[in-house]
Amino acid sequence: MRCHDGDTEKISEILEGKFQNQGVEVIRMGTDDAEDADEEAFTGTDICVIATYTYNNGEVPANFVYFEENLRKQNLKGKVYGVVGSGDKGYHSDTYCFAAETFNEDFQQAGTKKGHDVLKIDNKADEKDKEALKEFVSSLTNA
Ligand SMILES: Cc1cc2nc3c(=O)[nH]c(=O)nc-3n(C[C@H](O)[C@H](O)[C@H](O)COP(=O)(O)O)c2cc1C
């Protein structure tokens, strides 16, 4: 699972807890870990999850770009994936959670099976989002 600090880090913590509740072992990594692990980040895993915010008019965060560009070239067939995006619906409605959509396309290119549609969260996860994250996790573990 790849993530970033702030709203996104909090979302990744929630996801980690929900996966653990389902008895799934989680390796959670931040974008700072990405440089060391780019090529084999998802090699040993059955389920691949990306949590990302969106920056500057729909862009993937700068410290995530290298990882993102590599992802689509990987062979992740046989694995299940899900993407969660945190964005700002009010200030960035035209590019709301675009980075999450970019990762979604990368996973499709990599041949990964979609376990759930892209889940978009307006900034910080609220109680309703936490329910949606729970459903997201069950959908991925049952895919
Ligand atoms: C300079 C800047 C540009 C942003 N651009 C977008 C954007 O294009 N689309 C979007 O949905 N959110 C955008 N956001 C909102 C962030 O993605 C959102 O606040 C997110 O929750 C930040 O997550 P973080 O706390 O993990 O960094 C932008 C925020 C900033 C500060």
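The values are calculated or read from the model by the stated rules, or taken from the named source; none is laboratory data. Every value quoted in this text rests on a predicted model; they were computed, and no experiment measured them. Here the Cβ is made from the backbone with ideal geometry for all residues, glycine too, and neighbour counts use every protein chain on show. Surface accessibility is based on the protein's heavy atoms, side chains included, excluding ligands, DNA and RNA. Shrake-Rupley method; radii C 1.70, N 1.55, O 1.52, S 1.80 Å.
Within segment 55-82, take every residue that is open to solvent by less than 10 Å² (accessible area, probe 1.4 Å) and under 24 Å from residue 134 (Cβ atoms) and give me the one that is nearest to the ligand (Cβ to nearest atom). Step by step, filter segment 55-82, then rank; the result is 82. One residue alone among 52, 95, 112 is more than 18 Å from residue 8 (Cα to Cα), in contact (Cβ under 8 Å) with a residue 40 or more places away in the chain and surrounded by 13 or more Cβ atoms within 10 Å (Cβ to Cβ), and that residue is 112.
For segment 117-143, the tally of residues that are open to solvent by 80 Å² or more (accessible area, probe 1.4 Å), part of a loop (DSSP other than H, G, I, E, B), closer than 27 Å to residue 91 by Cα and not acidic (Asp, Glu) stands at 1. Among the residues examined, residue 85 does not qualify as modelled with pLDDT of 95 or more, farther than 21 Å from residue 15 by Cα, within 16 Å of the ligand (Cβ to nearest atom) and open to solvent by less than 70 Å² (accessible area, probe 1.4 Å).
Kindly establish whether residue 47 is in contact with a Phe, Trp or Tyr (Cβ under 8 Å, 6 or more places away or on another chain) and at pLDDT 95 or above. Answer is yes for this residue.
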